[in-house]
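The values are calculated or read from the model by the stated rules, or taken from the named source; none is laboratory data. All values reported here derive from a predicted model rather than from experimental measurement. Counting neighbours? That spans all protein chains shown, and the Cβs are built from the backbone with ideal geometry, glycine included.
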Amino acid sequence: MAAQSGSRFVIFAAIAGNLLIAVTKFVAAAYTGSSAMLSEGVHSLVDTGNGLLLLYGLHRAAQPPDLMHPLGHGRELYFWSFIVALLVFALGAGVAFYEGIIHMLDPEPIENPLINYVVLALCMVFEGGSWLVALKEFRRSKGELGYIEAVRRSKDPSVYTVLFEDSAALLGLVIAFVGISAAHYFEQPWLDGAASIGISLILGATAVFLARESKGLLMGEPASRDVQSSILAIAQADPAVERANGVLTVHLGPEQVVAGLSLDFVDHLSAADIETCVERLEARLKAEVPEVTAVFVKPQTSQLWRERRERIVNPDAGTAAPDSE
């Protein structure tokens, strides 16, 4: 719950900042006729809508299981994060690219460029504040990992989505400033349109990266090795378990893990003893590994587990067996 509270705070800060920035940019674009400023206004407006979608995703993901979704609604967040990536590409990058082409083909001199400079400076301050909030929360959650590695391993897309959007926004502001300044100084208004195309490329690259990460989460990513090791250690410690063969895990949400355990039970246990053991394991796992929301146990010999894992991980015969998870 603490992680979700941090995510919501980051998103609220981003929504407030982007909404103010979007209005400011649109007013400046109307007064000056700048293509880059209009593209930046669309970008900030899209980011505002994206923040609302992420909040909706967090709300839906927190809903309890029901008959239609017996394992919960955790992947709602991943779905809406993917939609956010599509919107960044289709609306943000698409509109910016279109505006850039139009203004390069039919360039118009920028009027009152001083307004653009003032607005860009203010936007950098507002956007920088939102970016710092997102960066602080992301650094807190990533631990000792590098930034890219932390994103790849993260199961909560809400914080890093805001961070990447704000980073793209800051880069876009820099490009807009360079384009507007160059268009004014060299008296070449087409440079303003070129800056808009540059903004579209940044947004497109950001969207592709976010979509790729969201796709992996939607397809189903395993829990971290630490979580898997904890699950296996708890299972192995139970007196009714001869050997904990392995565990298959998948994230349904940032803090929702489904685990499938392969266990070789002590010989001569009755069905009632095995049922008691499974209930005991479920209770202990949910108490000590709170991310685990559902556990499925399959009685299985170690040999059968290794053979089936070999067929899944190494479908071609003759390769070495992988390390157990």
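Points worth noting:
- Near pairs, Cβ below 8 angstrom, 6+ apart or cross-chain, from the range 172-183 (in the same structural domain as residue 118 (by TED's automatic domain parsing) and in contact (Cβ under 8 Å) with a residue 24 or more places away in the chain) to any residue that is among the acidic types (Asp, Glu) and buried (at least 17 other Cβ atoms within 10 Å of the Cβ): 172/40; 173/40; 173/127; 176/40; 179/192; 180/192; 183/192
- Contact annotation: residue pairs with Cβ atoms under 6 Å, 6 or more positions apart or on different chains, pairing a residue in the range 149-170 that is more than 19 Å from residue 12 (Cβ to Cβ) with a partner that is among the basic types (Lys, Arg) and modelled with pLDDT under 85, are 150/142.
- Here is the figure for the range 33-70: residues that are more than 21 Å from residue 90 (Cβ to Cβ), under 23 Å from the mean Cα position of the chain (by Cα) and of a type in the set (Gly, Ala, Ser) total 2.
- Matching residues, the range 137-153, being within 21 Å of residue 252 (Cβ to Cβ) and either at pLDDT 85 or above or of a type outside the set (S, T, N, Q) (or both): 150, 151, 152, 153
- Flag if residue 255 is surrounded by 15 or more Cβ atoms within 10 Å (Cβ to Cβ), within 27 Å of residue 71 (Cα to Cα) and modelled with pLDDT of 85 or more: yes
- Meets criteria (surrounded by fewer than 13 Cβ atoms within 10 Å (Cβ to Cβ) and modelled with pLDDT of 75 or more) for residue 317: no
Rundown of residues vs (1) hydroxyl-bearing (Ser, Thr, Tyr); (2) part of a loop (DSSP other than H, G, I, E, B); (3) in contact (Cβ under 8 Å) with a residue 60 or more places away in the chain, yes/no style:
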site: 14; (1), (2), (3): no, no, yes
site: 24; (1), (2), (3): yes, no, yes
site: 31; (1), (2), (3): yes, no, yes
site: 43; (1), (2), (3): no, no, yes
site: 51; (1), (2), (3): no, no, yes
site: 54; (1), (2), (3): no, no, yes
site: 65; (1), (2), (3): no, yes, no
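- Remark: residue 38 falls outside the filter, which requires a residue to be in contact (Cβ under 8 Å) with a residue 12 or more places away in the chain, surrounded by fewer than 17 Cβ atoms within 10 Å (Cβ to Cβ) and either assigned to a loop (DSSP other than H, G, I, E, B) or not acidic (Asp, Glu) (or both).
- Those residues of the range 25-56 which are in contact with a Pro (Cβ under 9 Å, 6 or more places away or on another chain) and modelled with pLDDT of 85 or more, in sequence order: 54
- Residue match in the range 123-145 (condition: assigned to a helix (DSSP H, G or I) and under 17 Å from residue 31 (Cα atoms)): yes
- Residue match in the range 156-163 (condition: crowded, with 24+ Cβ neighbours inside 10 Å, within 14 Å of residue 202 (Cβ to Cβ) and of a type outside the set (Gly, Ala, Ser)): no
- The listed residues are 242, 275, 282, 288, and the only one of them that is under 30 Å from residue 214 (Cα atoms), at pLDDT 90 or above and more than 28 Å from the chain's Cα centre (by Cα) turns out to be 282.
- Criterion applied to 60, 8 was being assigned to a helix (DSSP H, G or I), out of contact with any helix residue (DSSP H, G or I) (no Cβ under 6 Å at 6 or more places or on another chain) and within 22 Å of residue 254 (Cα to Cα), and the one residue passing it is 8.
- Which numbered condition residue 235 fails, given (1) crowded, with 17+ Cβ neighbours inside 10 Å; (2) closer than 30 Å to residue 58 by Cβ: (2)
- Within the set 168, 176, 207, the sole residue that is in contact with an Asp or Glu (Cβ under 6 Å, 6 or more places away or on another chain), among the aliphatic types (A, V, I, L, M), assigned to a helix (DSSP H, G or I) and surrounded by 22 or more Cβ atoms within 10 Å (Cβ to Cβ) turns out to be 176.
- Residue 227 vs. criteria over 20 Å from residue 85 (Cβ atoms), modelled with pLDDT of 90 or more and in contact with a Gly (Cβ under 9 Å, 6 or more places away or on another chain): no
- Test for residue 47: is it surrounded by fewer than 18 Cβ atoms within 10 Å (Cβ to Cβ) and either in a loop (DSSP other than H, G, I, E, B) or touching a helix residue (DSSP H, G or I) at 6+ places or on another chain (Cβ under 9 Å) (or both): no
- Residue-level check: of (1) buried (at least 24 other Cβ atoms within 10 Å of the Cβ); (2) at pLDDT 85 or above; (3) under 25 Å from residue 132 (Cβ atoms), residue 100 misses just (3).
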